[in-house]
Every structure is written in C-alpha cells, then in structure tokens.
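Report on the structure given below.
The values are calculated or read from the model by the stated rules, or taken from the named source; none is laboratory data. Values in this document were obtained by computation on a predicted structure and should not be read as measured data. FYI the Cβ positions are ideal-geometry reconstructions off the backbone, even for glycines, and counts take in every protein chain you see.
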Amino acid sequence: MEKVEKKAYGAHILVFPYPLQGHINPILQFSKRLAAKDVKITVVLTNYMAKTIQIQDGPFNVETISDGYDDVGWSAAEDYIERFETIGSKALAELIERIQNSDDTPPVSCVVYDSFVPWVLKVTQKLNLVGAVFFTQPLAVTSIYYYIYRGLLNVPVPDGEMISIPGLPQFKVLELPSFVSDAKSFPHFLRLLVDQFCNIERADWVLFNSFDKLEPEVLNWMAKLWRVRTIGPTIPSKYLDKRIEELAVQAVSEGGSSDKNVDEFLEAMKREKKNEI
C-alpha cells in the first residue's frame, strides 16, 4: 500500500469565535480566506453552538469545548461571562495541548480569537503562541466602546451632549449604538463591549473587520495605539471577486479585497519573531 503524504501547511491557526451567530459568520469567512492561502484552520465552537447551528462543510476542521452550559447556552445563564472564562480557558488549553502533541496535525502557531473573549490571550501567552484579537464590528463603533472603557465617555450620556472621538464627526446621543444610548436595557452586553479592551495592548495583532479606505481617519488613530491590521470585509468571496458586478470590481481595485488584506496579515505574521509562520 502506498503511503499517502500529508499536506504541508504554511501555518496552523486556531480560530475561536464568541458563541453568537453574528460573531461566528464573519470569522468563518476570514477562516476560509486563510485556508485558501494553504493555512490549516481549526475552528473552535462551544458544545451548545455546535449542536444548534449548521456550518457548511468548509476548508477547516471544527473542534468543540464546553462553556459550562452545554445544554442551554449563554442566553439562559446570568453568570455566563464568568463561567465561560473559568471553564472555557481550561478546556481551550487542553484542546491546544492535545493538538500540539498530535502526530497527525501540525502544531498550532497562532490563535485568532473574538474580542468578546479577551481571556483567550492568557491561554495563548501561557502556551507561547501568537494571539490575534478579532473585532467583528467596524472601527468607528469599536472606538466608541474604547472611549467608554477609558472613561472618556461616561454612560449614561446626558441628553443633548455632543460626542467627539478622534477620526469621527461629532454626533448626538441618539446616534450612538443602542447598547450605549440605552445602556440600562443592555447591562450585560455593555460589559462585554467594554471589557474587550482589558488586555488589548498585550495582543500580538489587533484585527478589524474593515478595510483601509473605508475608515481611514479612525484607523490611523487606532494604529497609534495597537498593532492593527484590517482584514475585511469578511463577507462571502463571491461578493468580492472581480468576476462579480461593478461594485465588487471597484472594491478590489481600491484595496477592499479581503484577499489583499489577508495576504498582508500573513506576510506580517511571517516576520513575527515570536513564532515564525
């Protein structure tokens, strides 16, 4: 019997989305782009999400871990954030260690994790892996939450106050995201949104679901704070490729192509001294 040669990958990246459909979809599209560059991708879902959503077969493996609520999910738990960190961090570390000790899978070199689970960075650093935080929302919206985190924008915002944030035009309270303008109705979500930044300065990369020419002013401001990369837009490739419609062709020619941004991210990762990819 002939021996089947294993495919040689340029890297093995583990991708960890927050267990919400709106967060899973964008990071899956990013994963597909990475996989197209001969990068092995392992997507990690919670046990509950793996049972309740349908993911089409893609160029990646899917692994599952427990978040402490395997039968009911996050919506039925008031202490979900704390329990997810306690149980999830241990389960994630065990999963990575199992992969690292496997003879059948190349070792993980980088973890791309949703900004809603900043505790993942502790796991990656303990295991000496590159940690890249992935922000699903655009730069402009993220900058508002960062201002709240820094205490530069107090919630609730007084009616009639005009808000000024670098890179953005002035705007009114009613123009803020609902999690801010009506913070009392969404206390748990506001906490998630603010806690995204608790250790962001220690992340190796900060990835945004945007592209340079969409939000240049706020991007320039954030690039002074962290190691920022735009890797968007993370939408199905058929809407970006040159064979699809005039607007898609324009997006590609102007640097909005996800392919272009992913290439730049991988090239930057190759230069990373911490772990060569």
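Annotations
- Residue match in region 154-167 (condition: outside any loop (DSSP other than H, G, I, E, B) and outside the structural domain of F116 (by TED's automatic domain parsing)): yes
- Residue in region 101-118 that is surrounded by 19 or more Cβ atoms within 10 Å (Cβ to Cβ), over 21 Å from the mean Cα position of the chain (by Cα) and in contact (Cβ under 8 Å) with a residue 12 or more places away in the chain present: no
- Residue in region 129-137 that is surrounded by fewer than 21 Cβ atoms within 10 Å (Cβ to Cβ) and within 18 Å of the chain's Cα centre (by Cα) present: yes
- Given (1) closer than 17 Å to H12 by Cα; (2) in contact (Cβ under 8 Å) with a residue 60 or more places away in the chain, number of the condition L139 does not satisfy: (1)
- Number of residues in region 189-217 that are touching an Asp or Glu at 6+ places or on another chain (Cβ under 8 Å) and not in a loop (DSSP other than H, G, I, E, B): the value is 0.
Per-residue answers, yes or no, for (1) assigned by TED's automatic domain parsing to the domain that holds K213; (2) modelled with pLDDT of 95 or more; (3) under 18 Å from E201 (Cβ atoms):
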residue: P106; (1), (2), (3): yes, no, no
residue: V111; (1), (2), (3): yes, yes, yes
residue: T124; (1), (2), (3): yes, yes, yes
residue: G151; (1), (2), (3): no, no, yes
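- V112 farther than 19 Å from L190 by Cβ and part of a helix (DSSP H, G or I): no
- Residue that is surrounded by the most Cβ atoms within 10 Å (Cβ to Cβ), among those in region 76-92 that are modelled with pLDDT under 85 and touching a Phe, Trp or Tyr at 6+ places or on another chain (Cβ under 9 Å): Y80
- Of all residues making up region 29-75, the number that are over 24 Å from A11 (Cβ atoms), charged (D, E, K, R) and part of a helix (DSSP H, G or I): 1
- Residue check, S89 more than 20 Å from L193 (Cβ to Cβ) and under 18 Å from the mean Cα position of the chain (by Cα): yes
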